[in-house]
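The next block holds one structure in the form of structure tokens; read it before the comments.
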Amino acid sequence: MKKVCLIIGAGAGIGGSVGAKFAANGYHAALCRRSDADGLQHLVDGIESNGGSASGHLLNAVEAGAIEKLVEEVEQIGQIEVVLFNLGAQIGNRSLEGTALKTFELGWQMACMGLFRLAKAVIPAMEARGKGTILVTSATAAVRGNAGQHSHAAAMGGRRMLCQSLNAEYASKGIHVAHIIVDGAVDAPDTLGKMLGAEMFEKLRETRGKEHDGLLLPTEMAETYFHIAHQHRSAWTHELDLRAYSDLAWWNHAP
């Protein structure tokens, strides 16, 4: 039976790169994203052209029952040994007055409720098998709330605490939960590219991205994700932060 790495939030950045890394090492990569079926198929085709195994799944993670149904379907492909929860919840800088209640709640739905639902769906089978890994991409906002980040900071802070609670309950049962703080800009068109726009994104890449290593490179980040998923249980990483060598750490920045 195939071993599966399920990726929720598979764009042309962290999620797609992690999927490619696991597929290159014998996993079936089940790639999920909310929209852009063509982009999703492009990721699948790329993995398969390199001899890997992959499938693409469109998923609205805030839709009732969608995550649970997805997990059932993917378990038919093979045992889900690794899950990457890679959904973002960034809505941009907004004042308190400019943050609608529905917008604030949507951030929580994506960052916290989605992870909670995923955990409830995948952990029973992992617990029965006595092993499993849940990798959770997070952000600087999980450890520092800045002005204009009411929704994002609250959502990511909740994500971090949920990871700690899951660890407290399930680490002793063989389930490894790792909270990965992305403390910097990622060289990815689906995230930074959309925030900045294509022209500004390319200008930034020319000075800080690519061979300059001043942006977090998704293919290199995937190496870390893969390493964490294969750590010996006597030395598990439960939280770490990733940033480019030239960036100041979050605790050295003025708020």
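Some points to look at:
- Breaking point among (1) more than 14 Å from the chain's Cα centre (by Cα); (2) in a loop (DSSP other than H, G, I, E, B); (3) surrounded by 17 or more Cβ atoms within 10 Å (Cβ to Cβ), for residue 61: (1)
- Residue in the stretch 189-207 that is part of a helix (DSSP H, G or I) and at pLDDT 95 or above present: no
- Tally, over the stretch 155-179, of residues that are over 16 Å from the mean Cα position of the chain (by Cα) and crowded, with 19+ Cβ neighbours inside 10 Å: 3
Here's the yes/no breakdown for (1) assigned to a helix (DSSP H, G or I); (2) small (Gly, Ala, Ser); (3) over 16 Å from residue 119 (Cβ atoms):
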position: 133; (1), (2), (3): no, no, no
position: 137; (1), (2), (3): no, no, no
position: 153; (1), (2), (3): yes, yes, yes
position: 157; (1), (2), (3): yes, yes, yes
position: 160; (1), (2), (3): yes, no, no
position: 163; (1), (2), (3): yes, no, no
position: 166; (1), (2), (3): yes, no, no
position: 171; (1), (2), (3): yes, yes, no
position: 177; (1), (2), (3): no, no, no
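- Of the candidates 125, 121, 141, the single residue that is modelled with pLDDT of 95 or more and touching a helix residue (DSSP H, G or I) at 6+ places or on another chain (Cβ under 6 Å) is 121.
- Looking only at residues of the stretch 136-154 that are under 17 Å from the mean Cα position of the chain (by Cα) and surrounded by 23 or more Cβ atoms within 10 Å (Cβ to Cβ), we find that the one that is nearest to residue 102 (Cα to Cα) is 152.
- Test result for residue 29, closer than 28 Å to residue 231 by Cα, at pLDDT 95 or above and of a type in the set (A, V, I, L, M): yes
- Selection count, the stretch 18-58, where residues are in a helix (DSSP H, G or I) and either of a type outside the set (S, T, N, Q) or buried (at least 24 other Cβ atoms within 10 Å of the Cβ) (or both): 17
- When the residues of the stretch 64-108 are filtered to those that are surrounded by 14 or more Cβ atoms within 10 Å (Cβ to Cβ) and part of a loop (DSSP other than H, G, I, E, B), the one that is modelled with the lowest pLDDT is 91.
- Filter result for residue 228 (buried (at least 20 other Cβ atoms within 10 Å of the Cβ), at pLDDT 95 or above and not in a loop (DSSP other than H, G, I, E, B)): no
The values are calculated or read from the model by the stated rules, or taken from the named source; none is laboratory data. Please read all numbers here as calculations on a predicted model, not as lab measurements. In this analysis, Cβ positions are derived from the backbone assuming ideal geometry, glycine residues included, and neighbour counts consider all displayed protein chains.
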